[in-house]
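These notes are about the structure you will find just below.
The values are calculated or read from the model by the stated rules, or taken from the named source; none is laboratory data. Note that the coordinates shown come from a computational prediction; the quantities given were computed from them, not determined experimentally. With ideal geometry, Cβ positions are generated from the backbone for all residues, glycine too; neighbour counts draw on all protein chains shown. These area figures cover heavy atoms from the full protein model, side chains too; ligands, DNA and RNA do not enter into them. Shrake-Rupley method; radii C 1.70, N 1.55, O 1.52, S 1.80 Å.
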Amino acid sequence: MEALWKQASRLKEQVARQGVFKQFGAGAYGNSDNPFTDESEVKLHQRLEKLYLSTRAAKHFQRDIVRGVEGYIVTGSKQVEIGNKLSDDSQKYGIENTCTSGNTLSRAATYFGKARSLIEKERGNMLKAFGTQVAEPLRAMVMGAPLEDARHLAQRYDRMRQEADAQVVEVSRRQNRVRESAGNGEVISKLEAAEYKLEELKSNMVGLGKEAVSAMAAVEGQQQRLTLQRLIAMVEAERAYHQNVLEILDRLEEEMVSERQKIEAPPTPAAESYMPPPPSYDEVNDMFASTSADHSVNSVDFFLGEALGSFKAESEFELNLSVGDIVIVRQISSNGWAEGECKGKAGWFPHAYIERRERVLASKVPHIF
């Protein structure tokens, strides 16, 4: 019997509460979480819930960007440090190189070191832009007062809705007592006080809800604009970095390829086109016969030289050369020409076209004479 009595009491309270819902709000929303509210207040509440979720997701995204950028700055700074060390080492080698066969590599190392230093400077500028233009503004908004103030308004609104819901139960309880008391004045007075408080809560709740929606909508708009702007700034900073680095690498490649060609490529006839013509045999004989101290042709101990490039004779006094030819060098002129014999012929050729050899393959000896 007691269980039946409790069940009947609950049903009676539910019927009474539905009467309060109809009195203070549209009955069409009797199945919602807060059915005492009207349609506009329900829409306000739904709008606020969506704004709350949207701003929370945007806040988390901003925080993720800040963390990612900060990690990128840390690793990038380490790369700058390593790159600068490589730059210093390269330039040091370029300055202190003691190679006896030329300074081509030292020049290339210097070019590389300077270019690496410029690249790391560009990387540092990019990382600085990431910090000042991306991480700092987003961090300030994540921790800023506008977002927290708007969220506090939404939380106050939610607490007031809970209080109003509890007040609906109180009004329902008072209505039951009025019916049971058969018109008791004190009970009726308490019911009227409870109903007045419910109306006041409803009015305050609507005002607070509108204020919270307005604040949250402003924060949402600011989040969307600022986050997009910072992402664009990050893309622009990285794009500028890659463009500048590409220009630096293009210049470096030209310089280093030029140095490589100096090592690998043999001298060309065009490079020697400015040379004066070789002396004739008569002139050479006159020079040897002269006792003047200003000799333009030096008689040297014969030595073997290998042709580094092809040379085409332009007069009867000159000697044709092909790459790899072995020449017996007999005389060297002060104007850059040398005289020698190759393949049974003698004549003059640019001295720069041959390189001295201490040893020659036996298979090449028959081609000298």
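Please list 178-188, 51-61, 333-343 highest first by mean number of surrounding beta-carbon atoms within 10 Å per residue.
333-343, 51-61, 178-188
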Given a 1.4 angstrom probe, what's the average accessible area per residue across region 168-255, in square angstrom? 59
How many percent of all Cα-Cα pairs in region 38-84 sit more than 16 Å apart? 61
By the mean-Cβ-within-10 Å protection proxy, highest first, 39-50, 112-123 rank as 112-123, 39-50
How many percent of the alpha carbon pairs in region 170-272 exceed a separation of 17 Å? 77
Got a sec? Which residues in region 140-180 would a label at Y196 touch, if it sits 7 Å along Cα→Cβ and we count backbone N under 16 Å? 171
Put one equal scatterer on each alpha carbon of region 74-173, apply the Debye formula with no solvent term, and list log10 I(q)/I(0) at q = 0.14, 0.15, 0.16 1/Å to two decimals. -0.74, -0.78, -0.82
Suppose the chain between E253 and E211 were pulled fully straight at 0.36 nm per residue; how much longer would it get relative to their current alpha carbon spacing? 8.8 nm
On alpha carbon coordinates alone, what is the Rg over Rh value for region 207-262, Rh being the Kirkwood radius? 1.59
